[in-house]
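Worksheet: one structure, shown below.
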Amino acid sequence: MSVRLAHLHHHTGWGMGESSITDVENQASAGDLSAQLRMARTLLADGELEASRNWLRRAAETGPADIKLELADNLLTFIPSEVSEGIGWARAAAEAGSGEAAHRLAVLAAEGVGGQQSWSDALDHLRRAAALGHRVAQAELAGLSGDWSLAKMLLGGDGDPPDSGRLGHGVDLVSWLKVPAVQILLLSPRVVSVPGFLSPGECDWMIERARPYLKRAQTFDPRTGLAQVQEGRNHSCIGFNVVRSDVVFAIVRARMALLTGHSPMGFEDTSVLHYAPGEQFAPHYDFIEADTPAAQREIASSGQRAVTFLAYLNEGYEGGETAFPVLGRSFKGKKGHALFYDNALADGSPDRRTLHAGTPLKRGEKWLMSQWIRSRPAWLSQ
């Protein structure tokens, strides 16, 4: 039995013996779309990325828009990524009428993935997605035009969007990309406060976008290089990668880049965190300790976590401060306020004064946006 077929055989969900698996492969080779997808998805689950991609490519050649987009997302999100090809398949899916694919192109243009960043292209793709009925795109355009109440309603699946010909033509991107004045709280390590970094509408948007996807937060395991559940971090969160993200997030990331001086290409996935009473993030460092081979490989491939950027999305809760025990300081921002700080010294080595914690929440709920920024551009650069 081949290694590939052995992997398929271990997928008990197939409910078939080895001969039947061979039949599926033969059907896929003969051009059966369903069999090609079964091969691609099972191989992906078994970690055989390139073999999975090859079957997806065959399926996407003749398949509908959603399969073309599935291939695009595979190429964009799994390492090694194939950005140019992924964008090409996203375009093909959009041309075939996929609003989701048009929305993906909007995010890619806003982030500058695979080419020059273009806000005008991002808006064009966003309007196209909205015209194709993409609900998140319709909500984004409403919010960026200033009507966040309509945006929230559309995001929740309620109400009807304005006429597609008018939707989003009141967006003033120059205004949205402006950054507010900062307050230097500490020079060494650098700790900076940004009052009014997010508008109330942006705060609400991030909360509502995150709410359906929250799951138990994880941390980097330096032994394996993978994510792990840690007892001292018992809150929930969700990361917004290029597939889940949107243009509102891209605009916020652009403002963070302007304030910190780091390229968005060095940004990890933006996360939204939620704390319920009793939940916390125990004292920890955000930098990666280079004390295991897995951690050293991570730093070599993607750089050190040089900066942490936090934005407070709500208020009215008790506890939940961002505390720095070594510095003897704690912070609790108002809704829309932000805080960022350096995790590494000028030579790139870890700054252990940045030990910090999300203290236990006593009452209410706390929502926070968190952004880890690497020391050099690496995101989707493979």
Self-check item: Computed [θ] at 222 nm, helices only, for the chain once each DSSP H run of length n ≥ 4 contributes -39500 (n - 2.57)
Solution: -12500 deg cm²/dmol
Practice problem: Considering the options Gly114, Phe267, Asn54, tell which one lies farthest towards the positive end of the dipole of the chain, charges being +1 on Lys and Arg and -1 on Asp and Glu at the Cβ, about the Cα centre. | Solution: Phe267
Quiz item: What is the set of long-range amide H partners of Arg374 at a cut-off below 5 Å, with H atoms built 1.01 Å from backbone N?
Solution: Phe267, Glu268, Ala306
Quiz prompt | Cα gyration tensor of the chain - equivalent ellipsoid semi-axes, whole Å, descending | solution = 37, 28, 19
Practice problem: Above 14 angstrom, tally the Cα pairs of the range 135-176 and express them as a % of all pairs, no decimals. | Solution: 36
Quiz item: How many lysine pairs are close in the chain, with Cα atoms under 28 Å apart and the two 8 or more places apart or on different chains?
Solution: 21
Practice problem: Give the distance, in whole Å, between the Cα centre of the range 267-285 and the Cα centre of the range 175-203. | Solution: 19
Quiz item: How many times 2.2 N^0.38 Å is the alpha carbon radius of gyration of the range 88-145?
Solution: 1.01
Self-check item: Neighbour net charge for Arg244 - beta-carbon separation under 14 angstrom, K R +1, D E -1
Solution: -3
Quiz prompt | Mean shadow area of the range 183-374, taken as a quarter of the surface of its Cα convex hull (nm²) | solution = 10.2
Quiz item: Using alpha carbon coordinates only, what is the Rg to Rh ratio of the range 13-102, with Rh defined as the Kirkwood radius?
Solution: 1.01
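Values in this text are rule-based calculations from the coordinates and carry no lab data. It should be emphasised that the depicted structure is a prediction, and the values quoted were computed from it without experimental measurement. FYI the Cβ positions are ideal-geometry reconstructions off the backbone, even for glycines, and counts take in every protein chain you see.
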